[in-house]
């Protein structure tokens with residue numbers, strides 16, 4: 001039996017036991033981001049749609065972006081042409097005098113920002129299929145293989161699609177139990193005219209190549225048939241005529257652009273331009289096409305499962321949901337009772353999506369992961385750095401996917417830091433040793449401050465992302481990486497803030513505060529925004545806590561961090577109605593249901609507030625603010641990420657009911673039929689952060705494992721099952737990663753209480769574990 005057939009048959013025989021998304025209806029190309037099941041290998045993304053016989057696969061390439069220096073030689077990453085830091089003293093003076101102010105002199109018009117955009121559509125036309133029956137399509141999360149099965153007349157057809165990281169291609173195969181009809185493959189871009197994109201056919205290869213604009217980024221996509229002797233070029237298509245020996249057709253597709261993130265620095269003229277991709281793509285496609293389908297598939301499955309199998313959440317299927325079409329399970333979801341099968345499947349789906357969209361040779365996952373069907377997707381499918389890209393990677397280290405962050409570290413180092421050094425100097429008068437970015441980032445290092453302060457004035461963005469670095473060190477214990485790449489990024493951010501903090505001249509309380517600041521997308525420009533103060537406390541604390549691992553001998557810098565941390569306002573203030581304030585000024589409006597929880601970032605995902613969890617005044621203030629902010633649905637927005645963030649915050653409060661309610665609310669309100677989260681309820685646009693944040697919220701229900709402050713270096717204390725619902729009765733988890741190294745496996749009883757656990761793998765520190773009732777668990 002072929003590997004592929006074994007995979008498909010095993011899955012179809014027991015869908016409830018396997019981890020599948022499946023449907024009895026084809027995905028419509030007009031609703032592809034709500035119906036199609038996505039595939040990817042990090043660099044490439046596939047979304048298959050269409051009726052049998054007329055399939056169309058949307059193809060994405062991670063680096064394919066319009067705008068930037070490819071289209072505008074004067075592009076400068078959003079930075080001004082001249083120094084504007086001399087405006088800061090006046091800006092700060094006004095804010096300290098009045099409490100609020102503006103940063104108008106630091107804002108700049110948006111130009112040449114560009115957008116993520118599709119590469120092509122791969123079309124597959126099977127001649128003579130006028131009707132079909134017994135249709136099935138599904139995505140096997142455990143193998144990363146998409147399968148379609150249907151019957152036309154007396155003939156059975158099976159297709160398999162996957163995207164392989166080892167071979168750097170995506171693969172499509174159609175198999176029949178008898179002679180295949182004539183099959184035609186096409187490759188086109190419906191958004192670019194013939195002067196920009198051209199499709200050619202030669203032998204067994206189909207190639208689309210061109211540029212996004214004139215001038216613009218160059219790209220190429222090449223597909224090749226694995227049965228070259230049978231292939232014929234017909235215009236700009238490949239046709240495989242009907243042949244008695246032809247029951248199986250396979251094609252592979254590779255793609256590339258002339259984008260090179262290593263060229264996004266001053267030495268390269270910030271060009272971001274690499275070599276013509278054609279030679280490299282042709283080589284990878286030719287090498288893959290010389291292999292058998294089974295060999296490519298086996299390598300893909302082994303690679304995929306090396307990541308996917310590192311973690312497992314096992315919940316029961318009391319409703320038999322595994323035997324029901326996924327879209328129906330989601331549409332029928334009952335928020336009151338929940339559905340353990342669907343909830344655990346969405347955890348696996350989130351992990352699958354990260355594996356498919358963020359690998360060591362790719363750009364990190366963007367607002368839509370790796371999948372966008374529109375020429376200009378919402379918010380350019382960029383990297384929003386005031387919650388979204390951070391949420392994409394919150395759970396990665398805990399569920400065995402921490403290595404997928406390498407694309408993130410490289411992206412920050414190569415594209416944020418070089419232009420971010422320019423921004424630090426031109427807007428803030430900081431040294432070239434420091435760097436800073438703002439809220440929205442493209443692939444060309446757009447680090448300047450855009451044109452509206454309420455969302456653009458967020459210089460904390462890079463710091464919040466950089467705090468993932470010591471977080472990963474906690475789990476990986478990879479000191480070599482930390483010294484070489486991680487710590488220098490962290491230090492550069494710290495140097496920036498050491499130059500920017502100001503004595504609080506409003507309250508005159510001897511503390512250091514950020515001035516100016518805007519809390520993300522909310523409120524006025526002011527000083528001492530709580531999120532900034534909380535995250536800077538964590539930044540300096542983490543530098544001190546990891547000092548011995550950093551290899552840094554800069555004693556002056558160390559002393560400055562110690563002195564600054566001692567004077568830093570921690571951003572923990574209880575307001576007039578008992579809330580944890582979002583700003584140092586008591587500006588919060590009760591029952592303001594804004595989507596962001598910026599003032600609670602030190603509660604979750606951070607720890608600067610959470611370390612005070614036993615302080616009843618503070619934990620009550622957190623709870624009060626959560627109640628005030630509502631459930632994440634407002635008249636203006638209904639985003640899934642707002643709900644899963646709330647879920648994680650409630651879980652950290654050990655409030656099982658509210659944590660589960662918010663998780664379920666996200667499913668009910670935001671998950672489309674293909675399980676992808678949508679921004680406006682279940683309506684477009686697709687925005688992937690809630691899929692990743694869902695995993696993070698669940699891990700927070702499973703374990704509370706906070707970083708240790710530099711002031712404490714003793715036994716690590718964790719809580720297992722702080723917010724497990726009784727609806728998840730008698731479940732278990734395997735491979736949950738621990739700070740300090742190692743993994744923990746455990747199960748829980750019908751009430752969601754953990755009674756025993758097993759720790760395995762190497763650890764640096766002693767460990768104690770407790771359950772949600774406060775009882776110590778022997779490990």
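I'd like to know if region 494-516 contains one or more residues that are under 25 Å from the mean Cα position of the chain (by Cα), closer than 23 Å to residue 387 by Cα and in a helix (DSSP H, G or I).
yes
Only residues that are closer than 24 Å to residue 514 by Cα and surrounded by 13 or more Cβ atoms within 10 Å (Cβ to Cβ): list them for region 547-561, please. Walk me through how you get there before you give the answer.
So in region 547-561, the residues closer than 24 Å to residue 514 by Cα come out as 556-561.
Across region 547-561, the qualifying residues are 557, 558, 560, 561.
Please give the strands (runs of 3 or more DSSP E) falling wholly within region 231-329 in which 1 or more residues are surrounded by 14 or more Cβ atoms within 10 Å (Cβ to Cβ), touching a helix residue (DSSP H, G or I) at 6+ places or on another chain (Cβ under 8 Å) and assigned by TED's automatic domain parsing to the domain that holds residue 172. Explain how you work it out, then say what you get.
Working: elements: 232-234, 237-240, 248-257, 312-314.
The qualifying strands (runs of 3 or more DSSP E) are 237-240, 248-257.
Which of the strands (runs of 3 or more DSSP E) contained wholly in region 148-210 include at least 2 residues that are closer than 25 Å to residue 244 by Cβ? Give the steps one after another, and end with the answer.
Details: elements: 155-164, 169-176, 183-188, 197-202.
Answer list for region 148-210: 155-164, 169-176, 183-188.
So that you can scan it fast, the table gives a plain yes or no per residue for (1) modelled with pLDDT of 95 or more; (2) surrounded by fewer than 21 Cβ atoms within 10 Å (Cβ to Cβ):
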{"position": "695", "(1), (2)": "yes, no"}
{"position": "709", "(1), (2)": "no, yes"}
{"position": "715", "(1), (2)": "no, yes"}
{"position": "729", "(1), (2)": "yes, yes"}
{"position": "748", "(1), (2)": "yes, no"}
{"position": "754", "(1), (2)": "yes, no"}
{"position": "759", "(1), (2)": "yes, yes"}
{"position": "765", "(1), (2)": "no, yes"}
{"position": "770", "(1), (2)": "yes, yes"}
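Looking at residue 99, is it surrounded by fewer than 17 Cβ atoms within 10 Å (Cβ to Cβ) and either out of contact with any strand residue (DSSP E or B) (no Cβ under 7 Å at 6 or more places or on another chain) or modelled with pLDDT of 95 or more (or both)?
So residue 99 fits the description; yes.
For region 570-592, how many residues meet the condition of being farther than 25 Å from residue 697 by Cα, in a loop (DSSP other than H, G, I, E, B) and in contact with a strand residue (DSSP E or B) (Cβ under 7 Å, 6 or more places away or on another chain)?
Counting residues in region 570-592 that are farther than 25 Å from residue 697 by Cα, in a loop (DSSP other than H, G, I, E, B) and in contact with a strand residue (DSSP E or B) (Cβ under 7 Å, 6 or more places away or on another chain) gives 3.
Can you find a residue that is over 30 Å from residue 430 (Cα atoms) and either over 25 Å from the mean Cα position of the chain (by Cα) or not in a loop (DSSP other than H, G, I, E, B) (or both) anywhere in region 87-104? Spell out the reasoning first.
Within region 87-104, the first condition is being over 30 Å from residue 430 (Cα atoms), and the residues that meet it are none.
There is no residue in region 87-104 that is over 30 Å from residue 430 (Cα atoms) and either over 25 Å from the mean Cα position of the chain (by Cα) or not in a loop (DSSP other than H, G, I, E, B) (or both).
What single numbered condition from (1) over 25 Å from residue 168 (Cβ atoms); (2) modelled with pLDDT under 60; (3) surrounded by 14 or more Cβ atoms within 10 Å (Cβ to Cβ) fails to hold for residue 14?
That leaves (3) as the condition not met.
Could you list, in sequence order, all residues of region 356-392 that are over 9 Å from the mean Cα position of the chain (by Cα) and assigned to a helix (DSSP H, G or I)?
First, pick out the residues of region 356-392 that are over 9 Å from the mean Cα position of the chain (by Cα): 356, 359-363, 370-387.
Once the filter is applied, which keeps residues that are over 9 Å from the mean Cα position of the chain (by Cα) and assigned to a helix (DSSP H, G or I), region 356-392 yields 356, 378, 379, 380, 381.
Only one of these is at negative phi and touching a helix residue (DSSP H, G or I) at 6+ places or on another chain (Cβ under 9 Å): 601, 628. Name it.
Working: 628 fails: touching a helix residue (DSSP H, G or I) at 6+ places or on another chain (Cβ under 9 Å).
Answer to the selection: 601.
Taking region 667-681 as the search range and keeping residues that are in a helix (DSSP H, G or I) and out of contact with any strand residue (DSSP E or B) (no Cβ under 7 Å at 6 or more places or on another chain), which one is surrounded by the fewest Cβ atoms within 10 Å (Cβ to Cβ)? Steps first, answer last, please.
So the first thing to find is which residues in region 667-681 are in a helix (DSSP H, G or I), and the list is 667-670.
From the residues that got through so far, the ones that are out of contact with any strand residue (DSSP E or B) (no Cβ under 7 Å at 6 or more places or on another chain) too are 667-668.
Numbers: 667: 24, 668: 17.
Residue satisfying both the conditions and the ranking: 668.
Given the criteria touching a residue at least 24 places away in the same chain (Cβ under 8 Å) and in contact with a strand residue (DSSP E or B) (Cβ under 7 Å, 6 or more places away or on another chain), does residue 595 qualify?
No.
Only one of 551, 571, 578 is at pLDDT 95 or above and more than 30 Å from residue 522 (Cβ to Cβ). Can you tell me which?
One residue alone meets the criteria, 551.
Mind listing whichever residues of region 609-655 are outside any helix (DSSP H, G or I) and surrounded by 24 or more Cβ atoms within 10 Å (Cβ to Cβ)?
Within region 609-655, 609, 632, 639 qualify.
Given the conditions (1) modelled with pLDDT under 95; (2) within 25 Å of residue 713 (Cα to Cα); (3) part of a strand (DSSP E or B), which single one is not true for residue 779?
For residue 779, the failing item is (3).
Which one of the conditions (1) in contact (Cβ under 8 Å) with a residue 60 or more places away in the chain; (2) outside any helix (DSSP H, G or I); (3) within 27 Å of residue 273 (Cα to Cα) does residue 408 fail to meet, given that it meets all the rest?
The single condition residue 408 does not satisfy is (2).
The values are calculated or read from the model by the stated rules, or taken from the named source; none is laboratory data. Note that the structure is a prediction, hence the values are computed from the model and not measured. Heads up, the Cβs are rebuilt from the backbone with ideal geometry, glycines too, and the neighbour counts pull from every protein chain shown.
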